[in-house]
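K.L.:
Below is one structure. I have some questions about it.
The values are calculated or read from the model by the stated rules, or taken from the named source; none is laboratory data. Not measured: the values here are computed from a predicted model. Don't worry about glycine lacking a Cβ; one is built from the backbone with ideal geometry, like all the others, and counts go over all protein chains shown.
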Amino acid sequence: MSTRGEKLVLSLPALSTAHSHAFQRAMRGRGQRPKEKNADDFWSWRGQMYRTASELTPESYAKIARVAFRELFAAGVRTVGEFHYIHHQADGTPYDDRTLMSDVVIDAAREAGLRIALLRCAYARAGQDREPEPGQRRFCDPTPDTVLADVDALRKKYAGQPDVTIGLAPHSVRAVPPSWLPVFAEYAKRADIPLHMHVAEQPREIEECLRETGKRPMELCEERGLLGPRFVAVHATHLLPHEAKLLGDAQGFACICPTTERDLGDGLADFEHLRSSGARLCTGIDSHTITDPIEELRSLETHERLRRKSRVTFAPEGSTPAEQLWKEGSLHGALAVGFTDAGGQIEIDLDHPQLALVEPGFELDAIVFGATSAVVLPR
């Protein structure tokens, strides 16, 4: 602890968010009214998201991303992983500069003071034997080689720039044919870059994967060679215990996005098996429904309390739950997107009303379990 002017402050490693869709910041407030009685769910929300995505131009995307990233910075985030799939024009025609929209979002993050991992998403279809829906066309590419050519171009463009990394992100088992997955796995391993994928977010995703391949999504990822220490399973909401073990045995990450999963009604991930398997946990702001990275990391424990109907659910060796959760919301997120450190320090205002009456020695516990990002001091 130290002082800043008349304030007592606590310096902590900067926060990270390993999974972001910056354009969805434009949807805040929209989608919070039921479409039909008892019929609103992830899939109806997705239709609204597609409409928002279809309206984007490079100029409007830049404006939205700047708002999203400035808000993250003010909340204490210094590293963002942008799961980027707005590649082409609304009808699917590539821009003359194929990486234009990637550059737009990278520029916005850097302008806001963030390090960014641009996770170039691969998208091909609406599902097994289904052509892309109109709202998906600007996400899609015809072959894996087309995707990897863009990844090559981005890696070359940003080589040697310490605040930018480039990763690869097959969107999901719905959106990417199984035959593409080994191609991406081999490329990511050879290039030693982050490999992210939405995994088991929705029960319907699992059902469709079983029909197409006979395997659950994490089982398919293991079979096709994706799993490893650079692999990040985003959401991991509906993993079975043996799937959590597959991820843990590979030393992979599970990126949990609690405020988005809560907003969409996705369900509660099984943290007991994720932690016991050895999977590394990190957090993601995802849809920018609310921007509070402290709430994200806190929910790695409080959501498990809801699932198990108990209180403190884990006791990390040699540290406290609050210390482990901060590490997961900070260093783990940065590692998951290809950086080797947390990206500096942030300062917490210990004189903030949210932290009044906290006993000495319990400051971090109070921050993690009793405060919001309002306690982060402006830089």
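K.L.:
Output the number of the condition that Y95 fails; it satisfies all remaining conditions of (1) closer than 18 Å to M27 by Cβ; (2) of a type in the set (F, W, Y); (3) not in a helix (DSSP H, G or I).
P.N.:
With (1) closer than 18 Å to M27 by Cβ; (2) of a type in the set (F, W, Y); (3) not in a helix (DSSP H, G or I) applied to Y95, the lone miss is (1).
K.L.:
Now, a different point. If you take the residues of the stretch 105-123 that are crowded, with 22+ Cβ neighbours inside 10 Å and out of contact with any strand residue (DSSP E or B) (no Cβ under 7 Å at 6 or more places or on another chain), which of them is farthest from V183 (Cα to Cα)?
P.N.:
Going through the qualifying residues, I end up with A108.
K.L.:
In the set G225, G214, which member is out of contact with any Asp or Glu (no Cβ under 9 Å at 6 or more places or on another chain) and at positive phi?
P.N.:
G214
K.L.:
Of the residues in the stretch 173-197, how many are free of Cβ contacts under 8 Å to residues at least 40 places away in the same chain and either closer than 21 Å to G265 by Cβ or among the acidic types (D, E) (or both)?
P.N.:
Summing the residues that are free of Cβ contacts under 8 Å to residues at least 40 places away in the same chain and either closer than 21 Å to G265 by Cβ or among the acidic types (D, E) (or both) in the stretch 173-197 gives 2.
K.L.:
Might you let me know whether the stretch 73-85 holds any residue that is touching a Cys at 6+ places or on another chain (Cβ under 8 Å), within 25 Å of P194 (Cβ to Cβ) and assigned to a loop (DSSP other than H, G, I, E, B)?
P.N.:
Yes, the stretch 73-85 contains a residue that is touching a Cys at 6+ places or on another chain (Cβ under 8 Å), within 25 Å of P194 (Cβ to Cβ) and assigned to a loop (DSSP other than H, G, I, E, B).
K.L.:
Report yes if some residue within the stretch 274-286 is touching a Phe, Trp or Tyr at 6+ places or on another chain (Cβ under 9 Å), buried (at least 24 other Cβ atoms within 10 Å of the Cβ) and at positive phi; otherwise report no.
P.N.:
Yes.
K.L.:
Among E359, E301, E295, which is the only one that is outside any helix (DSSP H, G or I) and of a type in the set (D, E)?
P.N.:
Details: E301 fails: outside any helix (DSSP H, G or I); E295 fails: outside any helix (DSSP H, G or I).
Residue meeting the stated conditions: E359.
K.L.:
Sort out which residues of the stretch 123-172 are in contact (Cβ under 8 Å) with a residue 60 or more places away in the chain, more than 19 Å from the chain's Cα centre (by Cα) and in a loop (DSSP other than H, G, I, E, B), and write them in order of number.
P.N.:
Answer for the stretch 123-172, where residues must be in contact (Cβ under 8 Å) with a residue 60 or more places away in the chain, more than 19 Å from the chain's Cα centre (by Cα) and in a loop (DSSP other than H, G, I, E, B): Q128, E133.
K.L.:
Does D270 fit the bill of being farther than 20 Å from T79 by Cβ, at pLDDT below 95 and of a type outside the set (A, V, I, L, M, F, W, C)?
P.N.:
Against the criterion (farther than 20 Å from T79 by Cβ, at pLDDT below 95 and of a type outside the set (A, V, I, L, M, F, W, C)), D270 does not qualify.
K.L.:
Among the residues of the stretch 5-61, which ones are surrounded by 17 or more Cβ atoms within 10 Å (Cβ to Cβ) and assigned to a loop (DSSP other than H, G, I, E, B)?
P.N.:
A14, H21, G31, L56
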